Structures are given as C-alpha cells and as structure tokens.
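Take a look at the structure set out below.
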Amino acid sequence: MCDAAIADAAIPDAVLAWYDRHRRVLPWRAPPGAAADPYAVWLSEIMLQQTTVAAVKSYFSAFLARWPNVDALARAPAEEVMRQWAGLGYYSRARNLHACAKTVSAKFGGQFPDEEAALRALPGLGPYTAAAVAAIAFCRKAAVVDGNVERVLSRLYAIEAPPPAGKRLIYARAEALTPAERPGDYAQAMMDLGATICTPKSPACAICPLNGACAAFRIGDPARFPVKAAKPERPLRRGAAFYVARPDGAVLVRTRPPKGLLGGMTEIPGSPWTEDFDEAGAPRHAPVEARYRRLARPVEHSFTHFALQLSVYVGEAGANMPAPDGCRWAAADLENEALPTLMRKLVSAARRREFGGDL
DNA sequence: TATTCGTGGGG
DNA sequence: TCCCCAAGAAT
C-alpha cells in the first residue's frame, strides 16, 4: 500500500519527462511552452472523437484554412460545414460543431469558456472533450480519460472489473493522478503513451516509462487489459439505390433527414435498408419512372453496427426532366454535395456501369 | 444503462 | 478475409 502510493506520486513526473522527449508533433498542438489556441484545440478534439489522427489531419487543416476562428465558423452555412465534414463520419459531430460555434460566438463573444463545467454544457462536448479542452487550452486540472488513458490505467492498476464498474475505477485513478502543474501536457502525454507504447495488441513495455509501476506488466499479460464487454453481432441489411443521371451527367439526389444515420447528408434515392429486403419489390422505391438496369454486383459497405448491401439500379433521364418531390439535380461533379463515403462508393460503381452479361 | 452513430487502416 | 478499433456523445 505504501509502495503503491509512492509509485503513484512519481507517475505524473515520469510521464511528463517522457513526453518532453517523445511527444508527437501534431498540427493542432502548440509548440512546447507556447499557448494553445482554444479554437484549434476544440476543433481537433471534436474531429478526433472515435477517429484516427491520420484521418483527421487533412480535415483539420481544411477547416482551419476555411474558418480560421470560431466566429467565422459560426457564420458559415450549415450545408457548407456538412460538406466540409463529408467523409469523416459521425455526422452529428458536424451539426454539434456548428451549433457550438454559434453559441460561443453569440453568447460568449467568440471566447470559449475556460472551465470544464461550462465547456461540458456546450453541444458536442461530453466528459472527455470538456476535460481535454479545459486542460489543454486553459491549463485547468481536469481528469482527461479517453480510450488511450483507459488502456494505460487499466494496465497500470490491472483493473479486472468489466465496464461500467471498471470505467469508474479508471476514472477515479485518473483524477487521483492528474497533476496541478501542466495538466494539459500530462493529458496529451498519457494519450501519446497509449497511442505509441501502450498499444492495444502488443504493447512495447520494454521501452515504457511506467513499466516499473505497471501491475499488468508485472503479471506478464498487459494485452489482457482493459477488460471489455462482449460485442453484439453485426446484422446484414440490404436495400436498393437508384442512380438516375441526365445526359449532362447531373445526378438525382436528396438530403437525408437531419438526425439519425448519415443525418443531413446527401444520398442517392432508394429503399429503406432492412434485414428482410425483397429484391423483387425494389422497383416500387424508384424515384422516377424509367428503364433501369441493375449492376452485376451490389455495393457493400460496413457500418459500426450493421453491414450493408445495396443493389444499384441505373436509369437515364431526359435533359429537362423535373426532379420529383424531395429530390433535386446535383451537378455531375457533385462538388457542392455533402456526400458520405457510402454514397461516393455508390456513384463510382454506377458510373462504371458493370451490368454483367445477363441484361 | 444500452444503443446508435462512419470510416479507414492494421493485424 | 474479417475483425478490431480510434482523442466519445447523445439519447
């Protein structure tokens, strides 16, 4: 018990010393000693929710170039924000991002609140993000617990309890360890440690600055932690999509409802996606009367909680055919559309026109 | 509390 | 190939 307490007291300094030598250089990170831009910190943290650093980089620089501060982002049309976000996933983040920018601009004079509780009240900021912005942008002592920190701490203390109890134990450890000095660097250090040393599969314990204090390392099986809940199986849903193009290449599209899957994004019209989809009944979901040809192979896409197979029907429209209710014509380049990856995949497949030999 | 929400890369 | 999962939040 005494040994553990002594080791705990030494952990923040050990982590910070490691960070000073091995920190990752990232576009949203201020140089050592420099003040962080709260707007850039917030923007990066929203983008990084459940999203890899590699995927975020180009989106972050594009957003920052286009909207250099929170007031500029607040003034942007929602459709442009969605379009700029297209491809990054979890699109409710983009809506909350815009709503948050408007709140900060209108109610806080363009300055982010500098306390964790006030940040937590903003749209899109949950426990993790509020703590991260408070610590990194405002040097507040806040317990920052993301997936990396969970992994590091669950190993450090060999926490066996499955969630949610295990997560509460982890959070308590995080609060106890968070230092008053350099809380932002400490948070980023723990995340860097998790991302580069204390990795999910084969952690590099030999070069870890915490191996001397790590219970899981002592036990000899660090990869066993954190203990996770069993994952539900992923069902297969199927449906039909109708790619209708005019001679000039314009494509019939529509906007999905603002909430739910791919909320507010542009889609190719089609049927609902269900586990008991009936291919024979597909034509009744066609947006316009036309002669359709079905692609030889369906478009496949994998979401987090279900897999999807879409039959693609390709039809041709006259040059001046009006768009039916709820649909519109999008220019052939689709540049002004918030197209999620699934829909880009679908458009590419339709334009390849691989119908097979049977039709 | 348990689900729902994307996407791309790595093992 | 398939499964895992990555700086989680909202409901």
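The values are calculated or read from the model by the stated rules, or taken from the named source; none is laboratory data. Every value quoted in this text rests on a predicted model; they were computed, and no experiment measured them. Using ideal geometry, Cβ is built from the backbone for each residue, glycine included, and neighbour counts are taken over all protein chains shown.
Quick notes on this structure:
Yes/no matrix, rows are residues, columns are (1) in contact (Cβ under 8 Å) with a residue 60 or more places away in the chain; (2) not in a loop (DSSP other than H, G, I, E, B):
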{"site": "A:ALA206", "(1), (2)": "no, yes"}
{"site": "A:PRO209", "(1), (2)": "yes, no"}
{"site": "A:ALA216", "(1), (2)": "yes, yes"}
{"site": "A:LYS231", "(1), (2)": "no, no"}
{"site": "A:ARG234", "(1), (2)": "yes, no"}
{"site": "A:GLY239", "(1), (2)": "yes, yes"}
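- Failed criterion for A:ALA143 (all others in (1) more than 30 Å from A:PHE112 (Cβ to Cβ); (2) touching a helix residue (DSSP H, G or I) at 6+ places or on another chain (Cβ under 7 Å) hold): (1)
- Output for the stretch A:79-91, where each listed residue is small (Gly, Ala, Ser) and near DNA strand B (Cβ under 6 Å from one of its atoms): A:GLY87, A:GLY89
- Any hit, the stretch A:219-237, residues being within 16 Å of DNA strand B (Cβ to nearest atom), within 28 Å of the chain's Cα centre (by Cα), over 30 Å from A:ALA165 (Cβ atoms) and of a type in the set (Val, Ile, Thr): no
- Residue within the stretch A:52-62 that is more than 25 Å from A:THR196 (Cβ to Cβ) and either part of a helix (DSSP H, G or I) or outside the structural domain of A:HIS305 (by TED's automatic domain parsing) (or both) present: yes
- From the list A:ALA176, A:ALA135, the one residue that fits, being closer than 20 Å to A:LEU26 by Cβ and among the small types (Gly, Ala, Ser), is A:ALA135.
- Residue pairs meeting the criteria (Cβ under 8 Å; at least 6 apart or on separate chains; first more than 14 Å from A:VAL253 (Cα to Cα), in the stretch A:337-350; second part of a loop (DSSP other than H, G, I, E, B) and within 16 Å of DNA strand C (Cβ to nearest atom)): A:THR341/A:GLY87; A:THR341/A:GLY89; A:ALA349/A:ARG297
- Within the stretch A:316-359, the residues that satisfy the criterion of being more than 34 Å from the chain's Cα centre (by Cα) and either charged (D, E, K, R) or not in a loop (DSSP other than H, G, I, E, B) (or both) are A:GLU316, A:ASP358.
- Answer residue from the stretch A:21-43, given it is in contact (Cβ under 8 Å) with a residue 60 or more places away in the chain and either assigned to a helix (DSSP H, G or I) or in contact with a strand residue (DSSP E or B) (Cβ under 6 Å, 6 or more places away or on another chain) (or both) and is nearest to A:ALA65 (Cα to Cα) among those: A:TYR39
- In the stretch A:247-312, counting only strands (runs of 3 or more DSSP E) that sit wholly within it, the ones holding 1 or more residues that are modelled with pLDDT of 95 or more and among the hydrophobic types (A, V, I, L, M, F, W, C) span A:251-255, A:299-302.
- The stretch A:278-300, subset within 16 Å of DNA strand B (Cβ to nearest atom) and buried (at least 18 other Cβ atoms within 10 Å of the Cβ), residue nearest to A:ALA94 (Cα to Cα): A:VAL299
- Note on the stretch A:77-115: residues that are in a helix (DSSP H, G or I) and either closer than 30 Å to A:ALA330 by Cα or aliphatic (A, V, I, L, M) (or both) amount to 21.
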